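See below for the structure under consideration.
The values are calculated or read from the model by the stated rules, or taken from the named source; none is laboratory data. Computed from a prediction, not measured in an experiment: that's the story for all the values here. Every residue, glycine among them, receives a Cβ derived from its backbone with ideal geometry; neighbour counts consider all protein chains shown.
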Amino acid sequence: MAETINMPKLGFDMAEGLLVRWVKQVGENINKGDVLAEIETDKATVEVESSASGVILQHIVEQGSIVPVNAPIAVVGVAGEKVESVNSNQSSENSKQKADEKPALQTQPTVDSVSSTSASSQTSSVVHSQSPDIKASPLAKKIAKDNNVNLASLQGSGPNGRIVKKDVESALSSEQSPVSSRQSSQPIYESRITNYENQIIPTTKLRQAIGRRLVESKTTIPHFYVTHEFKMEALIAMRKDINAYLPDNEKVSVNDFIVKATALALRQFPNLNATIKGNEITQFGHVNVSVAVTVPGGLMTVVVKDADQKSLRQISTEIKAMAGRAREGKVKPDDVDGSTFSTSNLGMYDVEEFIAIVNPPEAGILAIGSAKETPVVENGQIKIGSRMKATISVDHRVSDGAEAAQFMQKLAEFLENPVRMLV
């Protein structure tokens, strides 16, 4: 019996998605779990997997259409099976009109100019390179815009001549972009900014989504914050010992330890691994810890499912893979769905401490600073120690300061005695 594949909901606040490309065509065989299509959301381009096995009997919507969540997009069944045709012409026209309007939001002038004449030339080049008539992936457009590469001058190697990331990177490496070549010839001591006009830069869909979510969070969730300082000497020493046995591409990070410790602590404080709706608090049965990842134009979170039950090595491997897909704009639905608690680590930027905004509908988020060598006093003696500060932000409707403080103490037990995470 034929099965209809619907537009999945790829995120808490997703209402619609742009169907960028059909990976499987009508008449092709497909297995459950195979990639069916590429969908662009506010946050990334996601590979959507088929929920059924069989033959692609029908594409209900066309490439380039904006489709609401849960709307039908394809039909999978047995070869030769007849299905009732779905009339989506009107919706496709409306969707295509929306999609055609989208690139106009991405056109913007740059401030990186040598003179008013070259500034005008560069602006014209960038606008032309972002023309709706040019087929290019969102990531390729972003890289081209950041490096002033004219997409119209490139030959795409993707499906139907679509320009993809490697085409832009190839142009940059071979200096095919006249704008890039001209800029690289400037003396490093010469100021290149001579245009002091205000620049109006339209926000990306990702930045708009971040804005909506965080405004909602700060205006509807009563936040409170608890900061704790952790002793990191034992963890850093254990990490060094573990990495001595691992190849370079599998070495674990301090953040991997933190994700594992956070998950174990949450298992003992289920009220922080929760969400509130109306007068009811739902304590999640799974501990799924999300990790904030910086991507072009903003950030997104990838989710380590059942992090309390996984080894450090498994957590490390999953985060590396998901973060790589996120930065390439190729996340999978499972990468970003199902988070019950969030973490945000700015330690790599030499940040001492900061506070993060709760990511609804979750009840808490942990903001992690740098682990630094610092003078400490122990038993009346001054010595060099390694310390790291972290701050938990909590929804006051769900929990109170005492519980958050106890959670941070439990987290310290795992981070300061990391062998407890291995037994």
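Is there a residue being part of a loop (DSSP other than H, G, I, E, B), in the same structural domain as Ile143 (by TED's automatic domain parsing) and either modelled with pLDDT of 95 or more or among the hydrophobic types (A, V, I, L, M, F, W, C) (or both) anywhere in region 177-186? There is no residue in region 177-186 that is part of a loop (DSSP other than H, G, I, E, B), in the same structural domain as Ile143 (by TED's automatic domain parsing) and either modelled with pLDDT of 95 or more or among the hydrophobic types (A, V, I, L, M, F, W, C) (or both). So if I check each of Asp395, Asp337, which one is in contact (Cβ under 8 Å) with a residue 12 or more places away in the chain and either over 16 Å from Leu272 (Cα atoms) or touching a Cys at 6+ places or on another chain (Cβ under 8 Å) (or both)? Going through Asp395, Asp337 in turn, just one is in contact (Cβ under 8 Å) with a residue 12 or more places away in the chain and either over 16 Å from Leu272 (Cα atoms) or touching a Cys at 6+ places or on another chain (Cβ under 8 Å) (or both): Asp337. For region 49-74, the set of residues classified as out of contact with any Leu (no Cβ under 7 Å at 6 or more places or on another chain) and touching a residue at least 60 places away in the same chain (Cβ under 8 Å) consists of Pro68, Val69, Asn70, Ala71, Pro72, listed by residue number.
Set side by side, the residues Glu229, Glu233 differ, and just one is of a type in the set (D, E, K, R), under 17 Å from Ala367 (Cβ atoms), over 27 Å from the mean Cα position of the chain (by Cα) and modelled with pLDDT of 95 or more, which is Glu229. Screening region 248-282 for residues that are touching a Leu at 6+ places or on another chain (Cβ under 9 Å) and polar (S, T, N, Q) and picking the one that is nearest to Ala321 (Cα to Cα) gives Thr262. Can you name the residue in region 339-366 that is over 14 Å from Ser217 (Cβ atoms) and among the hydrophobic types (A, V, I, L, M, F, W, C) and is also modelled with the lowest pLDDT among such residues? Looking at residues that are over 14 Å from Ser217 (Cβ atoms) and among the hydrophobic types (A, V, I, L, M, F, W, C), I get Met348. The criterion of at least 2 residues that are assigned by TED's automatic domain parsing to the domain that holds Arg239 and more than 15 Å from Ser290 (Cα to Cα) is met by the following helices (runs of 4 or more DSSP H) wholly inside region 305-423: 312-327, 401-416.
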